[in-house]
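The block underneath contains the structure these notes are about, expressed in structure tokens.
Readers should treat all values here as calculations from the given coordinates under stated rules, not as data from a laboratory. Every value quoted in this text rests on a predicted model; they were computed, and no experiment measured them. Heads up, the Cβs are rebuilt from the backbone with ideal geometry, glycines too, and the neighbour counts pull from every protein chain shown.
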Amino acid sequence: MIETTTLVDQNCHGVLRTELGLGTFEAQLGRTAGPPAAGTTFFDTQTGFAVRRWCPPLLGLEPHTSPAGYLARRRELGVLEAGRRLLRGTGVTTYLVDTGLPGDLTAPEEIAAAGAAEAREIVRLELLAQQIADTSGTVDSLLANLAHAVHTAAGTAVAFVSVAALRHGPAPAAEPPDPGEVRAAAGRWLAGRRVGGRLTDPLLLRHLLWTAVATGLPLQLHAGGGEGCRANCPDGGPARIAGFAAATAGLGTDLVLLHGLPYHRQAARLAAAFPHVYVDLGPALARTGARAADVLAEVLELAPFGKLLYSSGARGLPELHVVGARVFRQAVARVLGGWAADGSWALADAQRVAEMIASGNARRIYGLDET
Amino acid sequence: MIETTTLVDQNCHGVLRTELGLGTFEAQLGRTAGPPAAGTTFFDTQTGFAVRRWCPPLLGLEPHTSPAGYLARRRELGVLEAGRRLLRGTGVTTYLVDTGLPGDLTAPEEIAAAGAAEAREIVRLELLAQQIADTSGTVDSLLANLAHAVHTAAGTAVAFVSVAALRHGPAPAAEPPDPGEVRAAAGRWLAGRRVGGRLTDPLLLRHLLWTAVATGLPLQLHAGGGEGCRANCPDGGPARIAGFAAATAGLGTDLVLLHGLPYHRQAARLAAAFPHVYVDLGPALARTGARAADVLAEVLELAPFGKLLYSSGARGLPELHVVGARVFRQAVARVLGGWAADGSWALADAQRVAEMIASGNARRIYGLDET
Amino acid sequence: MIETTTLVDQNCHGVLRTELGLGTFEAQLGRTAGPPAAGTTFFDTQTGFAVRRWCPPLLGLEPHTSPAGYLARRRELGVLEAGRRLLRGTGVTTYLVDTGLPGDLTAPEEIAAAGAAEAREIVRLELLAQQIADTSGTVDSLLANLAHAVHTAAGTAVAFVSVAALRHGPAPAAEPPDPGEVRAAAGRWLAGRRVGGRLTDPLLLRHLLWTAVATGLPLQLHAGGGEGCRANCPDGGPARIAGFAAATAGLGTDLVLLHGLPYHRQAARLAAAFPHVYVDLGPALARTGARAADVLAEVLELAPFGKLLYSSGARGLPELHVVGARVFRQAVARVLGGWAADGSWALADAQRVAEMIASGNARRIYGLDET
């Protein structure tokens, strides 16, 4: 039996502070902009079924309790106590928290307290740029403040993350953009934006990526398929970042590909081709529930075992933290345990690889044991 | 044990009326323009093996009877009686029949009679346009007749289908084409075509799609990989329709993606991202035989369970109707039954989801219980 | 139990002649240009684990022996004796050897002698062109010598192979290039190259492909994902050759797609669509180790069984020849044996298909029994 004694969740978000009714809870399961189709519910998804499989027992109910019954018990306990019980049921010892999502979500220190674990911050580049733009009046101050903010963030954050970089315009080019073009784009952005306006200019996003690369901190990149990714989101998957990966090879900055599904095999291939490219297992497992073992096995085809990182990708609901951790542990036990049982792998190797992808790889590339 | 008591085949075609020799029967298995490679046979495919697995017992033979032995028995019974026995062995209660294929295939009412089931028509848009063009002398009459024909068809048909829309030119744009451009394209088409000439003009196809969308009837779209799809067929899969899906969101017309394999996971992702996008399971299961359970399981990763629809995609041979139904039922029983057995899903949920994808979802979106 | 009595390795390379230390041995496992990431090793991959699973017993050790222990035993036996034991443990009866790789690798006759088997040569087109260019002073002599060399090679080689054709410039066009353009490109190449310079001009590569097609010898094409394929390598997979496949249909020359993973399903689809397109199973199985059965099963979804060909894709290490053969045999036994056991396939059909993909298909398309 393969065990993973500690778990580092290398990419997650805070949870909502308010009590949730059936509709608002369901909306958090859907991960889309709108409501479910008429006659359907987001509870009838792998995520919904996995929540009902793994969470009720942590609140003293039977597995597969109905959504209404589960939410009644959740309200009975209160959002704080329910959150505490759920997060403590994950087995996560360190949370790396992307704080760049909108909404009233708990901060890293709150997650740490609720989950009796440690927490570190991942800084979202485009949010940082937007905050800088809100308080910078000129192109000069914007670019100087941005450089300073990225440098400062690198001193405390454990990683940077960019969601937008692969979603707008062509694939990130193989070289830092020309300074003159960056100034021009910054001018256009400042002139056209309102306070709080989002950064979608491909050239500025590229500038931001290269600024982050210069810090040496690991850089997490959404590789397609993730949150809010609909029509205006290119569907090429991790292949879009091959050029960027080639350009950044040997610079000393690691790239971590997030949200690979259904391109997880291509992501695994990039991790095999480039020494500095790593693959997140997060939502590819957490959102596929009963299929998580099969998806994990596919990633394990081409990716070197030292290049894989557990995450939940959870946001909003502590239930998603639970689902991520539980389906991951079960998938690891089934897949690696199965290979050990049939003689394909040595049992000691299977146990060692399980610990690597559960926590060891993350500890190494994020330097979690150094502080 | 998961059972599916009724089955709606949401996309199929009629069967050939003539007796078939070994060569003509084999050609129907291949689904390509030409003969098999020298030294090979289309019987040595998953489809061929599945026909030999499931059909001989319905004609009183052992499973895996040789092709020659099976066809001898088929001729002994006669094409009508064999067809009757085969169609009645499917368990299908309602056939939705795409009548837009060339060749002497049985009509919906004949399928209904032979199969002791109901049948409804799906109208193929490009065939409708070609028929209108054959009898329209001017651009004005062509466009007026086309609008009228689509509107009239919407009154009796259960859905529209388009095969060509994703096969010619760039991905269908996010907006209806400009009326002036439509008139110009219609003029070019009328001037250049012979009677029976096919519609391949991307702009007119786009006009046709948007005309159909306006009726509110569900619109089935071949998403790549299907019949006759070879070199001149873009290989991008369902990603090609992401823009069209975004443009039609909220208009009240459902889109059903057909022929996803090997892009079934991307199709499932689109069904998760867009409330009005549905995924057909048809040929992805029917043509993969012994692998159908695994392919079904992959689609069930990301697609909400209320968004999946059974079909056989069968055409020409009643054997393909049988294979579609049998491999689907077996796949559902294995996959959903397996998840119930290992505790991932509740048994009642598994049974409920099985009925949804076998018939319930189709009944809802095609309004089959309303008439 | 499904057995494959003989094995034709339809694409492999020679092995290194020198004794290997731990570092040089490990580098051969990685198949990338650079070293592994800090803190990781290429032994912690499916390939590394499969080598440790299958090779130690052939040298008198326990399965899963540590890398250091295995290499000590390998050195004790000596590179020749170890190579002899390993190659004779593959069960391969005929090796088709691509001799176009750089490095001091054993020639086909040496592999044959060490492995107690037969060996035939596959000629790499771009290497042939480079050798001709080294000794041709003018465009006229280059083009004439090239035509002559390809024609001559076709008399002794068993196939041609091209790695570069799908890696440079746009997808190979559907027609032979214009002779005037070929002359111009040849002139540019001659003028710009040093002795030994590589051929990367898309137009000359296309000319080379069409010259090879004219000989009628099977043409193996790297379809993406293979050796050295990193940033400058398009990631479109086998879809890139759909146009070339359409243009060469009916000309009498077979195309064999190599290195499909993770695009093996698209490769299988092309093999179903085009009578002259075949799919190599090689590295897709050899490099995925414990996952090989699952990958094989995926290829068997759409590809006609007469279109699949075993290979190891091995190069440098006889261990990779062993891994290729052993994981293939085990995968065939598991997948086809499983389908026979559950009644999906007849046992006799499963055994027959196993022999087809292990050797029969290769014997037929390469004419191995004719000489």
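A compact table of results
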{"item": "Shape call, region B:1-160: gyration tensor on alpha carbons, a/c limit 1.5", "result": "prolate"}
{"item": "Residue order, fewest to most surrounding Cβ atoms within 10 angstrom, among B:D294, B:D98, C:D201", "result": "B:D294, C:D201, B:D98"}
{"item": "Distances in nm from C:R194 to the matching label points in the other copies, shortest first (labels 7 Å along Cα to Cβ)", "result": "6.1, 6.1"}
{"item": "Residues B:A33 and B:D369, FRET efficiency given R0 of 45 Å [Cβ-Cβ distance, rounded to 0.05]", "result": "0.65"}
{"item": "Nonlocal amide H pairs with C:N11, under 5 Å, H built at 1.01 Å", "result": "C:L96, C:S312, C:G313"}
{"item": "Length-normalised contact order of region C:12-72 in % [C-alpha pairs under 8 Å, at least 6 apart]", "result": "27"}
{"item": "Sequence of C:S136, A:S141, C:S311 once ranked by neighbouring C-beta atoms within 10 Å, starting from the fewest", "result": "A:S141, C:S136, C:S311"}
{"item": "Compactness of chain C, expressed as Rg and Dmax over alpha-carbon positions, Å", "result": "20.5, 65"}
{"item": "Relative contact order (%) - criterion: Cα under 8 Å, at least six apart; region: chain C", "result": "21"}
{"item": "Fraction of antiparallel bridges per DSSP, region C:1-159 only, in percent to nearest 5", "result": "10"}
{"item": "Position A:R88, label points 7 Å along Cα→Cβ, spacing to each other copy in nm (shortest first, one decimal)", "result": "6.5, 6.5"}
{"item": "Rg(Cα) / (2.2 N^0.38 Å) computed for the protein assembly as shown, rounded to two decimals", "result": "0.94"}
{"item": "Surrounding net charge for B:Q130, when Lys and Arg each add one and Asp and Glu each subtract one, Cβ distance under 14 Å", "result": "+1"}
{"item": "Nearest-to-axis residue of chain C, judged by beta-carbon position, where the axis maps C onto B, in Å", "result": "C:D294, 5"}
{"item": "Shape category assigned to region C:298-371 from the gyration tensor of Cα positions, a/c cut at 1.5", "result": "oblate"}
{"item": "Order of B:Y366, B:Y263, A:Y95 under a 10 Å beta carbon neighbour criterion, fewest first", "result": "B:Y366, B:Y263, A:Y95"}
{"item": "Residue-averaged beta-carbon neighbours from other chains (10 angstrom radius) around C:54-67", "result": "1"}
{"item": "Antiparallel bridge percentage (DSSP; both residues within chain B; nearest 5)", "result": "5"}
{"item": "Within chain C, helix-based [θ] at 222 nm, where runs of 4 or more DSSP H residues each add -39,500 (n - 2.57), nearest 500", "result": "-14000 deg cm²/dmol"}
{"item": "Position B:T18, label points 7 Å along Cα→Cβ, spacing to each other copy in nm (shortest first, one decimal)", "result": "6.9, 6.9"}
{"item": "Dimensions in Å of region A:8-68 - Rg and Dmax from alpha carbons", "result": "12.7, 39"}
{"item": "Two-site FRET efficiency, C:R194 against C:H148, from Cβ-Cβ distance with R₀ of 25 Å, rounded to 0.05", "result": "0.60"}
{"item": "Of A:H222, A:H264, A:H64, the one that fluctuates the most in a GNM where chain A has Cα springs shorter than 10 Å", "result": "A:H64"}
{"item": "Placed amide H near C:G260: partners under 5 Å, 5+ positions off or other chain", "result": "C:A284"}
